[in-house]
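Have a look at the structure below before the remarks.
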Amino acid sequence: MVLESEITRLVSEGGVLLGEGVFGWAFRVRYQGRDAVVKMAKDRQHAQLFREEVHTLVQLDGLGGAPRVATVCEDYPGFIMDYCGGGTLQSMLKDAAPVGAVLRAVHDLALRLEEIHRAGYAHNDLKVDNVMVETGADGRVRARLIDLGLCGRLGESPGLEGDPKVHRHVAPELLRRGVSSVESETYSLGYVLRDVLRAYAGSLPRESELRCLARAMTCPDPLRRPAYQLCLAGLADSLEAPRRE
């Protein structure tokens, strides 16, 4: 374990703000000779949320590419975890990365998501800025799930309430304090796919199978969404479909 004073020192000595949420901040720091991420709460009253996130990350132990916890702060809600290299899927879209690389990233993301489902977990907040993508020396595109603050057990409610028109990436049933399911995760993955298709509208036929798949995955009725294995198959097929780079 580390103390709050050590966390503060790491952040002050070259820490880079990676993101800010409702309950805390994430900083890139150097820890024990390597890049790492400090995640710390804005207030002590959020301690339970941070304990739950640490517990989830420990249970996942890297499944889905999720970062592993290096250590926990002893006297303040915060922890240090692995730094995920590469860039977000969102940045790939903004930078107009080759469509083939983006589709490979989405397919790998679907496989990583399946890993946490098999372990009994749901991400519950899947969107393009919560996915890191890195291309290895072998040319393989690898996706990693990040920001698992809302991650929880399948079949349990994350307690979400909100307007589907505002929180478009979240399945409508979840926003009514519903329980998480593979179907609700399918919806969010479908919304990621829709973001990709919007960004590359000129690279794929207007009525391609991929567009039909995205519409089916984001059906408001969870019972009418395709089975996850069919989604995986459709995404795999898209890697071979003709397109304009």
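What the table below lists for this structure:
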| quantity | calculated |
| --- | --- |
| Reachable lysines, given that their alpha-carbon falls under 23 Å from the alpha-carbon of K127 and they are not under 8 places away in the same chain | K39, K94, K165 |
| Dimensionless Rg/Rh of segment 4-82 - Kirkwood Rh, Rg from C-alpha atoms | 0.94 |
| Rg [Å, one decimal], Dmax [Å, integer] - segment 51-180, C-alpha atoms | 15.4, 47 |
| Distant alpha-carbon pairs in segment 182-245 (separation over 19 angstrom), percent | 25 |
| Segment 25-41 and segment 147-206: distance between their alpha carbon centers, rounded to Å | 28 |
| Sequence-separation-based contact order of segment 4-82, relative, with Cα cut under 8 Å and 6+ spacing, percent | 26 |
| Surrounding net charge for V22, when Lys and Arg each add one and Asp and Glu each subtract one, Cβ distance under 11 Å | -1 |
| Contact order normalised by residue count of the chain, Cα under 8 Å, 6+ apart, percent | 15 |
| Those aspartates and glutamates that a straight Cα-Cα span of less than 17 Å connects to K42, excepting residues fewer than 8 apart in one chain | E4, E6, E20, E52, E53, E74, D75, D147 |
| Alpha carbon convex hull of segment 69-136, projected area averaged over orientations, nm² | 6.1 |
| Highest to lowest packing among 163-171, 112-120, scored as the average C-beta count within 10 Å | 112-120, 163-171 |
| MRE, 222 nm, helices only [DSSP H, n ≥ 4, -39500 (n - 2.57), over the chain, to nearest 500] | -11000 deg cm²/dmol |
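Values in this text are rule-based calculations from the coordinates and carry no lab data. All values derive from a computational prediction rather than experimental measurement. Cβ atoms come from the backbone with ideal geometry, glycine included; neighbour counts cover every protein chain shown.
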